[in-house]
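What follows is one structure encoded as structure tokens, with my remarks underneath.
Nothing in this text is a laboratory measurement; each read-out follows from the coordinates by a stated rule. Note that this is a predicted model, so its numbers are computed, not measured. When we count neighbours, we look across all protein chains shown, and the Cβ atoms used for this are built from the backbone with ideal geometry, even at glycine.
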Amino acid sequence: MTAHAPSRGDVAVLVPAAGLGTRLGPGAPKALRTLAGTPLLVHAARRLAAARSVGCLVVAAPPTDVTAVRDMLAEVATDLIVVAGGDTRQDSVARALAAVPAHFPIVLVHDAARALVPPALVERVAAAVRDGHDAVVPVLPVVDTIRTVDASEVALGTVDRSTLRAVQTPQGFRREVLAAAHEAAGEALTDDAGLAEALGVRVQCVPGDEAALKITRPFDLAIAELLLRP
Ligand code: C5P
């Protein structure tokens, strides 16, 4: 628990939503695929905007869909900026970050593919940044046994899973920390906390939430449909 009450509006959330998501099969860009009749991006944006701390969403849309995405998100009850995404997730995040209005001290990065993110998780990450952590990631324990393998798929050994965590989004940052991490970014990484860590920033873990699952494969979409059933 944080000592501070969540204050409305000190958090901007970047939403990289420009990926094609081919693992979900052919069709529209992943963020625009529908879940229970509504695009994943709209589900995600509604939940992000429902967190009281969030004062602005900056969405990186597929470059050909910027106007459609702006129209699609008109119903979302917070300030909205839509930019064209880039060739990689990292590039899309950097473009969204460049568009954040100057007065937001806290920036979260949330994948549109985690469409069912609970607003309470958004608040938990934001509160940890507000409480003084430079970089914050929500994590879950790893339940499977994890083995390393060689190039021929021969098992080499078992990793001690008690020290492993699966990392979710939203990931939270002091704005200057995220900006410095992206400025210094070399090789592309799959998450933003990894970029901050490469700069020597300490990354704090907070409990994640299973409902924030990443909808990557058709199986995940089926789970998400089930979660939405009344
Ligand atoms: O491909 P992956 O599932 O890792 O993508 C994670 C998130 O990054 C997705 O929400 C996707 O839309 C976004 N992305 C992006 N720009 C890209 C590639 C991915 O905004 N060029």
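Among the candidates Ala77, Ala102, which residue alone is among the small types (Gly, Ala, Ser), out of contact with any Ser or Thr (no Cβ under 7 Å at 6 or more places or on another chain) and in contact (Cβ under 8 Å) with a residue 12 or more places away in the chain?
Ala77
Going by the conditions given, is Ala50 within 13 Å of the ligand (Cβ to nearest atom), more than 24 Å from Ala179 (Cα to Cα) and surrounded by fewer than 18 Cβ atoms within 10 Å (Cβ to Cβ)?
The answer is no for Ala50.
Just to check your reading of the model, which residue among Val42, Val69 is away from the ligand (no atom under 12 Å from the Cβ) and not in a loop (DSSP other than H, G, I, E, B)?
Answer to the selection: Val42.
Within the stretch 212-222, can you find the residues that are part of a helix (DSSP H, G or I) and surrounded by fewer than 16 Cβ atoms within 10 Å (Cβ to Cβ)?
Of everything in the stretch 212-222, those that are part of a helix (DSSP H, G or I) and surrounded by fewer than 16 Cβ atoms within 10 Å (Cβ to Cβ) turn out to be Pro218, Phe219, Ala222.
Would you tally the residues in the stretch 20-38 being within 11 Å of the ligand (Cβ to nearest atom) and among the small types (Gly, Ala, Ser)?
Final tally of qualifying residues: 2.
If you take the residues in the stretch 186-211 that are part of a helix (DSSP H, G or I) and surrounded by 15 or more Cβ atoms within 10 Å (Cβ to Cβ), which one is farthest from the chain's Cα centre (by Cα)?
Checked the stretch 186-211; the qualifying residue farthest from the chain's Cα centre (by Cα) is Glu197.
Condition (residue is under 23 Å from Ala113 (Cβ atoms) and in contact with a helix residue (DSSP H, G or I) (Cβ under 8 Å, 6 or more places away or on another chain)) applied to the stretch 223-230: is it met by at least one residue?
There is at least one residue in the stretch 223-230 that is under 23 Å from Ala113 (Cβ atoms) and in contact with a helix residue (DSSP H, G or I) (Cβ under 8 Å, 6 or more places away or on another chain).
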